[in-house]
Amino acid sequence: MLKMSASRFIKCVCVGDGAVGKTCMLICYTSNKFPTDYIPTVFDNFSANVAVDGSIVNLGLWDTAGQEDYSRLRPLSYRGADIFVLAFSLISRASYENVLKKWMPELRRFAPDVPVVLVGTKLDLRDEKVFLSDHMGSNATTYTEGEELRRQIGAAAYIECSSKTQQNVKAVFDTAIKVVLQPQRRKEAADMTMKKRKSYGCSFVDIVCGANRNKKPRVYTCTIILQSISVYKRRR
């Protein structure tokens, strides 16, 4: 993580069913290692400077408990959120279905304008036939199904990751940062375009010349571009 000054603060809140791997994903991202011992129910809030595409931001990570016991306290974490990372387990059909049935209604109720990045966790187990056979009811979700869910909920992106192998974990949070920064960059580009238009306006002026009434007036069109004037003579 960087020690340079950040251009802005981004609050990223992770939500999803219990036991889908939210906390493992956060620990893996912040420590670059998979937790093998005690895994807390909720990850301590974390903040650090992160560089993405040439921009340095102060990324604040907030974990939440997915259990129903925390349904009243959990929305308190949503205040001031810039982005949600909504996680489900690729080997839990129930967590996949709850994205649409439980989590999106909750997020849209308490934070209707905050964008969402959809994340499928435990990618390393999706193709583990031994694991799936030993865990009855573990119905793996395909990438196509994840993309379809992303379209249904209007998420900004869909990423599959594995905390155990660290595959795509960094990509999850890099994507979340980019989603937040994109509207800001579009606004900055639009503001710059408007400034250029005001400074280097383009206009067309017709000047009618003809002091002698016996002669047909001549019209000159002056084109003013980039604060320089060129005169083109044409006759009507």
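The values are calculated or read from the model by the stated rules, or taken from the named source; none is laboratory data. Computed from a predicted model, the values in this text were never measured in an experiment. When we count neighbours, we look across all protein chains shown, and the Cβ atoms used for this are built from the backbone with ideal geometry, even at glycine.
Name the one entry in Ala65, Ala111, Ala19 that is in contact with a Lys or Arg (Cβ under 7 Å, 6 or more places away or on another chain), of a type in the set (A, V, I, L, M) and over 15 Å from Ile177 (Cα atoms). Don't jump to the end; show me each part of the working.
On the way: Ala111 fails: in contact with a Lys or Arg (Cβ under 7 Å, 6 or more places away or on another chain); Ala19 fails: in contact with a Lys or Arg (Cβ under 7 Å, 6 or more places away or on another chain).
Going through Ala65, Ala111, Ala19 in turn, the sole match is Ala65.
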Near pairs, Cβ below 8 angstrom, 6+ apart or cross-chain, from region 45-60 (in the same structural domain as Asp82 (by TED's automatic domain parsing) and outside any strand (DSSP E or B)) to any residue that is polar (S, T, N, Q) and at pLDDT 90 or above: none
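If you check Ser92 against the conditions, is it in the same structural domain as Lys122 (by TED's automatic domain parsing), in contact with a Ser or Thr (Cβ under 9 Å, 6 or more places away or on another chain) and surrounded by 22 or more Cβ atoms within 10 Å (Cβ to Cβ)? Don't jump to the end; show me each part of the working.
Values: in the same structural domain as Lys122 (by TED's automatic domain parsing): yes; in contact with a Ser or Thr (Cβ under 9 Å, 6 or more places away or on another chain): yes; surrounded by 22 or more Cβ atoms within 10 Å (Cβ to Cβ): yes.
Taking the combined requirement at face value, the residue satisfies it.
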Filter result for Arg74 (basic (Lys, Arg) and either surrounded by 12 or more Cβ atoms within 10 Å (Cβ to Cβ) or not assigned by TED's automatic domain parsing to the domain that holds Val169 (or both)): yes
